[in-house]
Structure formats: structure tokens, C-alpha cells
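Novice: First the structure, which I've put down as C-alpha cells, then a few questions once you've had a look.
The values are calculated or read from the model by the stated rules, or taken from the named source; none is laboratory data. Quick caveat, the model's predicted, so the values are computed rather than measured. Here Cβ is always computed from backbone atoms with ideal geometry, including for glycine, and neighbour counts include all displayed protein chains. These area figures cover heavy atoms from the full protein model, side chains too; ligands, DNA and RNA do not enter into them. Shrake-Rupley method; radii C 1.70, N 1.55, O 1.52, S 1.80 Å.
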Number of protein chains: 2
Amino acid sequence: MKKLLNSADTAVADALRGMEVAHPDHLRVDHVNRVVLRRTPASQPKVGLVSGGGTGHEPLHVGYVGHGMLDAACAGEVFTSPTPDQVLAATRAVDAGRGVLHIVKNYTGDVLNFEMAQEIAAAEGIRVDQVLLDDDVAVVDSLYTAGRRGVGLTMVLEKLVGAAAEQGRDLGELAQLGRSINDRGRSMGLALTSCTVPAAGRPTFDLGPDELELGIGIHGEPGRERLPMVGARDAAELLVDPLLADHDFTGAPTICLLNGMGATPLMELYVMYGEVLRILEARGVEVARNLVGNHVTSLDMAGCSVTLLAADDDLLTLWDAPVNTPGLRWGC
Amino acid sequence: MKKLLNSADTAVADALRGMEVAHPDHLRVDHVNRVVLRRTPASQPKVGLVSGGGTGHEPLHVGYVGHGMLDAACAGEVFTSPTPDQVLAATRAVDAGRGVLHIVKNYTGDVLNFEMAQEIAAAEGIRVDQVLLDDDVAVVDSLYTAGRRGVGLTMVLEKLVGAAAEQGRDLGELAQLGRSINDRGRSMGLALTSCTVPAAGRPTFDLGPDELELGIGIHGEPGRERLPMVGARDAAELLVDPLLADHDFTGAPTICLLNGMGATPLMELYVMYGEVLRILEARGVEVARNLVGNHVTSLDMAGCSVTLLAADDDLLTLWDAPVNTPGLRWGC
């Protein structure tokens with residue numbers, strides 16, 4: 001295993017220290033609890049937004065802390081759920097009296113640990129609601145998951161609900177908004193290579209030199225099927241078809257995320273976006289906003305995913321609203 | 001070779017088409033000449049900034065077209081200099097009567113082709129000046145280069161000179177500013193893996209499972225030496241030592257770019273930044289601004305580079321000025 005780390009044991013702590021000194025104006029880090037927090041609180045008391053998950057998906061979640069997105073993100077060990085203590089510390093830190101929304105990807109450990117933290121926080125008098133993401137159409141039930149997995153839509157939701165929270169919307173409205181985003185968003189990914197978890201030291205799975213894994217999860221979990229390698233045009237079909245089969249995206253302005261899994265060059269992501277857009281237009285789907293880049297990654301995995309969200313005018317306005325985080329920035 | 005491309009032959013054209021539809025508000029593309037241009041011209045006539053080079057380093061250069069950086073970028077074939085025709089087309093397109101500055105990385109082909117375009121443009125009455133980058137301290141003379149190579153400092157210079165051009169500075173001032181930035185900036189990189197050029201279909205060089213290449217170029221050119229793999233702390237020393245040996249960075253507020261070569265996860269880049277900053281502080285170097293991420297890449301190469309620039313108040317103000325490009329955005 002070749003990685004630019006000091007050791008697998010200190011990887012998360014070292015990365016958080018690097019983030020803190022790289023973004024001193026944006027972030028502060030509670031190193032005891034491994035929680036990344038906004039440096040500057042919102043000017044008005046607002047609902048606090050907390051997310052988190054295993055490390056290795058950066059910029060998700062820790063890179064999306066800041067104005068217009070999250071108030072705190074909990075960094076678990078690599079591909080490991082954050083503990084209830086971490087989530088509780090984050091929840092306490094961001095509660096400004098208007099309640100806290102937990103944004104949780106649907107993995108069994110994450111769900112359990114966020115729920116436990118929610119119960120303890122509630123007992124302390126902090127109002128907490130939750131949005132659960134399960135946007136991955138690839139498989140139902142998987143390694144680490146009962147039901148569908150939460151993947152690329154997560155960062156889109158964090159952007160949109162984050163903007164709504166800055167507007168001053170209340171906890172119930174934000175939770176409902178988040179659920180509606182999850183209902184109307186879908187993702188599908190493919191991998192050209194495995195990723196290597198530092199503590200394991202070897203690739204999570206093996207893919208032959210002429211194979212791809214369709215429907216891959218963001219932790220190297222198995223996908224739908226293993227296929228012979230194809231070109232960009234066919235790869236785009238493999239990703240878009242299951243999305244359109246699962247949800248009707250016609251008749252709404254959609255937001256499209258073409259997401260790199262970590263090790264795929266930007267050049268290839270742009271080629272893929274061109275192919276994805278061509279297919280969507282041919283199928284009557286109007287893409288109103290897009291994002292191309294590494295946003296919800298899987299360590300050093302090569303591959304990409306497509307996320308579609310059937311938006312509306314409110315969501316497009318929220319998408320365009322200013323955001324100022326290490327991983328996403330515009331209008332600020 | 002596993003890449004998300006349609007074919008090696010169409011890779012650059014396909015990527016430019018994808019960029020164009022991904023950033024319709026920011027960019028337009030002259031597909032005949034493979035030149036990426038600002039969608040919206042500056043509000044006041046300004047000096048035009050043109051750069052370019054081989055494709056495969058994205059977001060450099062095509063992703064840095066927009067307000068506060070470049071007016072045009074020429075996309076050569078993968079790792080291949082743009083032709084004089086491309087540079088000439090870009091130069092003509094951005095000349096607003098105040099002249100055009102060419103920003104050129106020191107590779108023999110780039111130097112020749114930009115100079116040829118400069119001569120033709122001059123014969124047409126367009127004033128053109130040039131800044132040549134040779135910031136890589138790793139080697140003198142290399143594959144493709146006489147003298148030192150131009151690498152990571154390029155995007156830093158494009159940001160700074162781009163901001164100065166928006167202020168309305170004239171061609172001579174901008175050329176002088178660019179040369180002064182090149183004089184005061186240094187870079188050093190290392191690779192954990194090779195990259196694979198699509199047309200070649202196999203890795204440019206071989207690195208063993210326990211080896212790194214120190215002083216690597218951004219096209220897989222040989223570096224200074226091949227070393228046994230080390231951890232992040234030692235890797236940071238390997239990169240910072242040659243920079244400080246080559247230039248005195250004490251006594252000035254420095255700008256530090258911790259740049260990923262394309263396939264290295266953000267988590268590792270943050271770990272590396274933490275180590276680099278620790279060393280710099282111990283050596284009396286004050287980092288006033290930083291950037292961590294994939295900015296000057298080398299296709300699917302794993303590794304990173306460090307760029308340091310001894311700045312001053314003027315340069316820090318230019319750094320902080322608004323920029324609005326696909327690859328770098330703040331204040332807009």
C-alpha cells in the first residue's frame with residue numbers, strides 16, 4: 001500500500017489537523033471528539049445542521065462545513081460510522097435554541113449511532129430531527145446497509161438544506177425539505193478500480209484489467225454486476241438508464257452531479273458529463289444546474305457516479321445561494 | 001488501460017465538449033482551434049491573458065478561464081504543446097487593444113509554439129509579451145525541457161497576474177509582475193504511481209510497490225531519484241528541503257500550494273499539508289495563504305507537489321481578489 005500517511009492509526013487525526021491549519025478562517029476542529037465546526041457562527045440563530053460518516057469520502061462531509069452548508073461534521077475512522085459521542089458533541093455544539101437537523105446516510109452503523117445521539121440530546125432538551133439518505137438505486141440491502149445506500153445525493157442535500165437553514169427556516173420545514181429532496185433524488189455509480197483502506201493495506205476487492213463494477217457503493221461494497229470495460233458513451237448509459245428507470249425526471253428542472261470517486265482525472269469526468277448530458281437531453285430530461293468533480297469520494301477508487309435531483313424553483317434558488325466551505329464555494 | 005473515454009483520438013475534443021456544457025455561464029469553446037474562452041468579457045478593456053499546454057493537467061489551464069484569471073486557454077493533445085495556430089487564435093480572440101500576455105510553462109515545444117504565435121500576432125499589430133515559468137527545482141534539463149520545468153507555480157501565477165489584469169494594469173507591468181512571481185516561486189513534486197497517457201495505453205514508467213519517484217515532472221518525466229516509500233512526515237521533508245535550499249522564503253509572507261497529482265485522495269493531501277506546514281514553521285517560513293487540492297495534475301498519477309511563493313502585500317491582495325473560474329472560485 002502506497003499512501004501519503006504517517007500511519008493508518010493516525011490517518012484521521014492527521015487529516016483533521018491538516019484541514020484545520022489549511023482553513024483557519026473557515027473551520028475549527030474539536031480534536032477530542034473529531035468534529036469539524038464552523039469558525040464563525042451564523043449571524044442569526046438558525047437550525048444547526050450536523051452530518052458525518054466514515055472518513056475517506058472527502059470533501060464529504062468535513063469539507064462542507066461553513067456558511068450555507070453544514071454547521072458541524074463528525075469524522076469517523078476510515079469507512080466507519082462516527083460514534084454516538086461524536087454526534088452528541090456536534091449536536092450540543094451547534095444548537096442555538098432552534099434545534100438541530102441530522103443528515104444521515106443510510107448505513108446501519110450511522111443510523112444507529114445518530115439515533116442514539118438524538119435520544120440523548122432530546123433528553124437534554126435539544127430538539128433533533130433527522131433526514132435519512134438512500135439515493136443509490138444500485139442495490140437493495142448490501143454490506144453495511146439495510147435498504148438502499150446513501151451516496152452522492154448527500155452533498156446536494158447538504159447544499160440545499162444548508163441554504164434553507166441560512167434563510168431561517170425552522171426545524172420541521174428543513175426536515176421536510178430534506179425528505180422531499182431524498183424522495184426526488186437518485187444516484188448510480190461505477191468503479192474501474194478498488195479502493196484501499198489504510199488499516200487493511202490491500203485493495204478491498206479485485207477488478208480485472210478489463211472489468212468494471214456497476215452499481216458500486218462508496219466503500220467498495222459490491223454493486224449490481226461486473227461487466228467488461230466499456231467506453232464513456234456506454235458507461236454513461238449504464239449509469240443513466242437505472243436512474244431514469246427508477247424515477248421520472250422529465251418535467252422538472254434537474255440538478256445533475258457528475259461525481260468522481262477520487263482517482264479519476266477531471267478530463268475523464270468532463271468527457272463523462274458530456275455523454276450523460278447528451279443522453280439526458282435525448283430522454284427529455286432538462287438539466288438546470290450541474291456540478292462536475294470529486295465530491296463524494298471513496299479514497300483512491302477510480303470511477304464515477306451520477307446523481308439526479310428533480311428540482312423546482314425553490315430548490316434552484318437554494319442551489320444558487322451563496323456557499324462558503326472548503327469543498328464548495330460560490331457567491332461568497 | 002481503463003479510462004472513462006470514448007477513444008484516445010477524441011479524448012481532448014470530448015473533454016472540451018463536456019466542459020462547455022458543464023460551464024455554459026462561464027466558458028465558451030472554439031472547437032476548431034480548441035481554445036477555451038471567457039463567456040463574458042471584462043467590463044473594461046484589459047490586457048488579455050492567454051495560457052495553454054498539453055491536456056491532462058486539469059483544472060490547469062482550461063479550468064482557470066474566467067473573471068480574475070485567464071481570458072483564454074489553448075488545449076493541446078494529451079501532454080502535447082498546443083500549436084502556434086491555437087495560440088494565435090486565442091491571442092486574436094482576447095486582444096482588446098491593450099495587448100496580450102502569454103503565460104508559458106518551460107517546455108521546449110510550448111516555448112517554440114508560443115513564440116511563433118507571438119511573432120505572427122506582432123506582425124498583425126497585436127502587442128504580445130510573455131512570462132515563462134520554470135519553478136520546478138527538481139532537475140535542470142529533462143525530457144521535453146531545456147532548463148527547469150514549469151509546474152505548480154503556474155496556477156498561482158495565473159491567479160495573481162489575472163487579478164492584476166482585472167485591476168487594469170498594463171502589459172509591461174503584468175509581464176514584470178509575472179517574472180517577479182516566477183523569480184520568487186519554487187516547486188517540488190513526488191509520485192507514488194505513474195500516469196497513463198491514453199494514446200500509449202500503458203503506464204509511462206514503472207514504480208515498484210515500495211518505491212516513490214522524487215522530483216517527478218508533470219508528464220511522468222524522470223525526477224531526481226527513486227527512493228523507498230516513506231510516510232507523510234518524511235515525504236514532506238523530501239519536498240520542502242529542496243525548496244528551502246533553492247530559495248530563501250523567510251522574511252516574506254508565503255503562499256503555499258499543496259497540489260495533488262490527480263489520483264491522491266484529499267485526505268492524504270490534508271495530512272501532507274499538515275506536515276509541510278509544521279516543517280515550514282519550524283524553519284521560520286510564515287505561510288500567509290494556502291491552497292490544498294488537485295490543481296496542476298498529471299492524469300491519473302498518485303502523488304503531490306509543494307509550491308512556495310515569497311509574496312508581499314501586493315501579491316496577497318491579488319491572491320484575495322475575487323476569482324470566478326470552474327477550477328478556482330472565491331469572492332464572486
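Novice: In whole Å, what is the distance between the alpha-carbon centres of segment B:261-302 and segment B:169-219?
Specialist: Computed from Cα coordinates, the inter-centre distance equals 14 Å.
Novice: Can you spot the lysines whose alpha carbon is less than 19 Å from residue A:46's alpha carbon? Ignore those fewer than 8 places along the same chain.
Specialist: Leaving aside lysines fewer than 8 places away in the same chain, those within reach of residue A:46 are A:159.
Novice: Roughly how large, in nm² to one decimal, is the mean projection of the convex hull of the alpha-carbon atoms in segment B:242-326?
Specialist: Details: hull surface 24.5 nm².
Spelled out: convex hull of the Cα atoms, projected over all directions, averaged, 6.1 nm².
Novice: Describe numerically, in nm with one decimal, the distance between label points set 7 Å from Cα along Cα→Cβ at residue A:124 and at residue A:30.
Specialist: It works out to 0.7 nm between the two label points.
Novice: Next question. What number, in percent, do you get for the relative contact order of segment A:185-323 if the mean sequence gap of Cα pairs under 8 Å and at least 6 apart is divided by its residue count?
Specialist: This gives 33 percent for segment A:185-323.
Novice: Once you put a point 7 Å from the Cα of residue A:43 and another 7 Å from the Cα of residue A:176, both along the Cβ direction, what distance in nm separates them?
Specialist: If labels sit at residue A:43 and residue A:176, their model points lie 2.8 nm apart.
Novice: Tell me, what are the semi-axes, in whole angstrom and largest first, of the equivalent ellipsoid of segment B:91-230 as set by the roots of 5 times the Cα gyration tensor eigenvalues?
Specialist: Values: eigenvalues 227, 56, 28 Å².
Equivalent ellipsoid semi-axes, largest first: 34, 17, 12 Å.
Novice: Assuming a viscosity of 0.692 mPa s and a temperature of 37 °C, what translational diffusion coefficient in µm² per second does Stokes-Einstein assign to the protein assembly as shown, Rh being the Kirkwood radius over Cα pairs?
Specialist: My calculation gives 132 µm²/s for D.
Novice: Also, quick follow-up: Tally Lys and Arg at +1 and Asp and Glu at -1 over the other residues with C-beta under 9 Å from the C-beta of residue A:192: what net charge comes out?
Specialist: Numbers: positive: B:2, B:3; negative: A:211, A:213.
With Lys, Arg at +1 and Asp, Glu at -1, the neighbours total 0.
Novice: Another question, if that's okay. Select the chain B residue whose beta carbon lies nearest to the rotation axis carrying chain B onto chain A, and write the distance in whole Å.
Specialist: Axis-proximal residue of B, distance in whole Å: B:263, 2.
Novice: What does the charge count near residue B:25 come to, summing +1 for each Lys or Arg and -1 for each Asp or Glu among other residues with Cβ under 14 Å from its Cβ?
Specialist: Details: positive: A:289, B:28, B:38, B:39, B:329; negative: A:320, B:20.
Net charge around residue B:25: +3.
Novice: Something else: May I ask what percent, to the nearest 5, of DSSP beta bridges between residues of the protein assembly as shown are antiparallel? Please list the in-between numbers first.
Specialist: On the way: 64 of 115 bridges.
Roughly 55 percent of the DSSP beta bridges within the protein assembly as shown come out antiparallel.
Novice: Two-decimal Rg/Rh of segment B:164-249 from alpha-carbon positions, Kirkwood Rh? Before the final figure, lay out each step's value.
Specialist: Working: Rg = 17.6 Å, Rh = 15.5 Å.
Radius of gyration over Kirkwood radius for segment B:164-249 works out to 1.14.
Novice: With a/c under 1.5 counting as rounded, go ahead and sort segment B:11-184 into rounded, prolate or oblate using the C-alpha gyration tensor (a ≥ b ≥ c being the square roots of the eigenvalues; past the cut-off, prolate if a/b is larger than b/c, else oblate). Can you show the working numbers first?
Specialist: Working: a/c = 1.38, a/b = 1.09, b/c = 1.27.
Since a/c stays below 1.5, the shape of segment B:11-184 is classed as rounded.
Novice: For residue A:124, place a label point 7 Å from Cα along the Cα-to-Cβ direction in every copy; what are the distances to the other copies, in nm, shortest first?
Specialist: 6.6
Novice: Could I ask something else about it? Under a plain spin-label model, where a point goes 7 Å from the Cα along Cα-to-Cβ, how far apart in nm are residue B:234 and residue B:283?
Specialist: Result for the modelled spin labels: 1.8 nm.
Novice: Under 12 Å from the Cβ of residue A:266, count the other residues' Cβ atoms, weight Lys and Arg +1, Asp and Glu -1, and hand me the total. Please list the in-between numbers first.
Specialist: Numbers: positive: none; negative: A:268, B:58, B:300.
Here the count lands on -3.
Novice: For chain B, give the percent of accessible area contributed by carbon and sulfur heavy atoms, probe 1.4 Å, rounded to a whole number. Can you show the working numbers first?
Specialist: Working: 5400 of 10970 Å².
Of the solvent-accessible surface of chain B, carbon and sulfur hold 49 percent.
Novice: Out of A:130, A:118, A:176, any idea which swings most in a Gaussian network model of chain A, alpha carbons joined below 10 Å?
Specialist: The residue with the greatest mean-square fluctuation here is A:176.
Novice: A follow-up question, please. Could you work out the Kirkwood radius for segment B:185-323, taking every pair of different alpha carbons, averaging 1/r and inverting it, reported in Å? If you can, show how the numbers build up before the last one.
Specialist: Working: mean 1/r = 0.0649 Å⁻¹.
It is 15.4 Å.
Novice: Once you sort the root eigenvalues of the Cα gyration tensor of segment A:199-248 as a ≥ b ≥ c, which label holds: rounded (a/c under 1.5), prolate (a/b larger than b/c) or oblate (the other case)?
Specialist: Numbers: a/c = 3.17, a/b = 1.59, b/c = 1.99.
Oblate is the answer for segment A:199-248, as a/c is 1.5 or above yet b/c matches or exceeds a/b.
Novice: Which three numbers, in whole Å and largest first, are the semi-axes of the equivalent ellipsoid of segment A:116-157 derived from its Cα gyration tensor as √(5λ)?
Specialist: Numbers: eigenvalues 145, 35, 7 Å².
Sorted largest first and rounded, they come to 27, 13, 6 Å.
Novice: Further, regarding this structure: What Rg and what Dmax come out for chain B when only alpha-carbon atoms are used, in angstroms?
Specialist: 18.6, 56
Novice: Quantify how strongly other chains surround peptide B:292-300 by giving the mean number of their Cβ atoms within 10 Å of each of its Cβ atoms. Write down the numbers at each step before the final one.
Specialist: Details: counts 6, 7, 5, 0, 0, 3, 1, 5, 8.
So the per-residue partner count for this stretch is 4.
Novice: Just to confirm the numbers: residue A:173, label point 7 angstrom along the Cα-Cβ line, distances to the other copies in nm, shortest first?
Specialist: 4.7
Novice: Here is a further query. Please say if segment A:79-163 is rounded, prolate or oblate, where rounded means a/c under 1.5 for a ≥ b ≥ c the square roots of the C-alpha gyration tensor eigenvalues, and otherwise the choice is prolate for a/b larger than b/c and oblate otherwise? Please list the in-between numbers first.
Specialist: On the way: a/c = 2.55, a/b = 1.54, b/c = 1.66.
Oblate shape, in that a/c is at least 1.5 and b/c is the bigger or equal ratio.
Novice: Out of all DSSP beta bridges with both ends in segment A:11-184, state the antiparallel percent to the nearest 5. Working shown, then result.
Specialist: On the way: 8 of 25 bridges.
Beta bridges within segment A:11-184, antiparallel portion: roughly 30 percent.
Novice: Given the convex hull over the Cα atoms of segment A:153-214, what projected area results after averaging over all orientations, in nm²?
Specialist: On the way: hull surface 25.7 nm².
Mean orientational projected area (segment A:153-214, Cα hull): 6.4 nm².
Novice: Quote the relative contact order of chain A in percent (integer), defining contacts as alpha-carbon pairs under 8 Å separated by 6+ residues. Present the calculation step by step, with values, prior to reporting the outcome.
Specialist: On the way: 804 pairs, mean separation 60.6, N = 332.
Once divided by the residue count of chain A, the mean separation gives 18 percent.
Novice: In nm, one decimal, shortest first: how far is the label point of residue A:202 (7 Å from Cα along Cα to beta carbon) from the matching points in the other copies?
Specialist: Residue A:202 label point versus its equivalents elsewhere: 2.6 nm.
Novice: So how much accessible surface do A and B hide from each other in total, probe 1.4 Å, in square angstrom to the nearest 100? The partial results should precede the final answer.
Specialist: On the way: alone 13150 and 13150 Å², together 21950 Å².
Roughly 4300 Å² of accessible surface disappears when A and B pair.
Novice: Just in segment A:245-332: which trypsin sites (Lys or Arg not before Pro) are loop by DSSP and have at most 15 other Cβ atoms within 10 Å? Intermediate values should be presented prior to the final figure.
Specialist: Values: sites: A:278, A:283, A:289, A:329; in loops: A:283.
Qualifying residues, ordered by number: A:283.
Novice: Only protein chains counted, 1.4 angstrom probe. Which residues of segment A:15-40 are at least 50 Å² less accessible in the assembly than when their chain is isolated?
Specialist: Checking the loss per residue gives A:21, A:22.
Novice: Something else now. If I take every Cα pair under 8 Å that is 6 or more residues apart in segment A:1-145, average their sequence separation and divide by the length, what percent do I get for the relative contact order?
Specialist: Working: 262 pairs, mean separation 28.8, N = 145.
Dividing the mean separation by the residue count of segment A:1-145 yields 20 percent.
Novice: Let me ask another. Would you mind checking the radius of gyration and Dmax of segment A:14-88 based on alpha-carbon positions, in Å?
Specialist: 11.4, 35
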